[in-house]
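Here is the structure we will look at.
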Amino acid sequence: MTSSSTSNSCGSPEPARFGRIAATLPVADMDRALAFWEGGLGFERVFANGDPIGFVILKRDAAEVHLTLQPDHRPSAFAVAHMMVGDIDALHEVVRAFGLRILKGLRTHDYGLRAFVFADPDGNRIDAAAPAGEC
């Protein structure tokens with residue numbers, strides 16, 4: 001792996017610093033996606049662009065997700081995001097209540113996570129987990 005570096009005040013190289021990074025999920029139907037992310041999961045819209053909306057930034061707690069309107073979106077066969085939550089069982093219930101597909105059932109793994117995989121309303125695969133024993 002390569003990394004860029006800058007020099008610190010002593011002239012010695014130091015690794016690049018990283019700030020925010022967020023998943024950008026393509027959606028074919030922005031209203032449907034927002035109903036899930038805002039209405040179901042409680043994310044708050046902090047930025048929206050276009051009329052109708054073509055791009056939106058949503059935040060909740062330390063999490064951030066970007067949605068981009070892609071009318072011809074076809075979901076990938078791999079996970080596009082991984083979310084850590086405080087109560088995995090509660091998230092599982094929200095996903096079920098929205099009638100979304102559970103791709104891998106909720107279970108506790110030997111590596112210390114309780115997790116499941118679901119498809120959001122646009123078919124994007126999302127891994128969701130919490131440390132085992134927390135919920």
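The values are calculated or read from the model by the stated rules, or taken from the named source; none is laboratory data. As the structure is a computational prediction, the values presented were derived from the model and not from experiment. Backbone-built Cβ (ideal geometry, glycine too); neighbour counts: all protein chains shown. Protein only, heavy atoms only, side chains kept; ligands, DNA and RNA dropped before computing areas. Shrake-Rupley method; radii C 1.70, N 1.55, O 1.52, S 1.80 Å.
Hey, among the residues in the range 42-72 that are modelled with pLDDT under 95 and of a type in the set (A, V, I, L, M), which one's nearest to the chain's Cα centre (by Cα)? Checked the range 42-72; the qualifying residue nearest to the chain's Cα centre (by Cα) is Ala63. Every condition in (1) open to solvent by less than 30 Å² (accessible area, probe 1.4 Å); (2) farther than 15 Å from Thr24 by Cα; (3) at pLDDT below 95 is met by Ala77 except one, and the failing one is (1). In the range 64-83, the residues that are under 23 Å from Ala115 (Cβ atoms) and of a type in the set (Asp, Glu) reach residues that are at pLDDT below 95 and open to solvent by 40 Å² or more (accessible area, probe 1.4 Å) with C-beta atoms within less than 8 angstrom, at least six apart or across chains, in these pairs: Glu64/Arg20. Residues in the range 1-38 that are within 16 Å of Ala63 (Cβ to Cβ) and either surrounded by 10 or more Cβ atoms within 10 Å (Cβ to Cβ) or at pLDDT 80 or above (or both): Gly19, Ile21, Ala22, Ala23, Thr24, Leu25, Ala33, Leu34, Phe36, Trp37, Glu38.
Of all residues in the range 53-74, those satisfying the criterion of being out of contact with any Leu (no Cβ under 8 Å at 6 or more places or on another chain) and open to solvent by 40 Å² or more (accessible area, probe 1.4 Å) are Lys59, Asp61, Ala62, Ala63, Leu69, Gln70, Pro71, Asp72, Arg74. Only residues that are out of contact with any Phe, Trp or Tyr (no Cβ under 9 Å at 6 or more places or on another chain) and among the aromatic types (Phe, Trp, Tyr) were counted in the range 96-117, giving 2.
From the list Gly99, Gly42, which residue is at positive phi, in a loop (DSSP other than H, G, I, E, B) and loosely packed, with under 11 Cβ neighbours inside 10 Å? Can you show your working first?
On the way: Gly42 fails: loosely packed, with under 11 Cβ neighbours inside 10 Å.
Exactly one residue qualifies, and that residue is Gly99.
For Phe118, indicate whether it is aromatic (Phe, Trp, Tyr), closer than 23 Å to Thr24 by Cβ and crowded, with 19+ Cβ neighbours inside 10 Å. Yes, satisfied.
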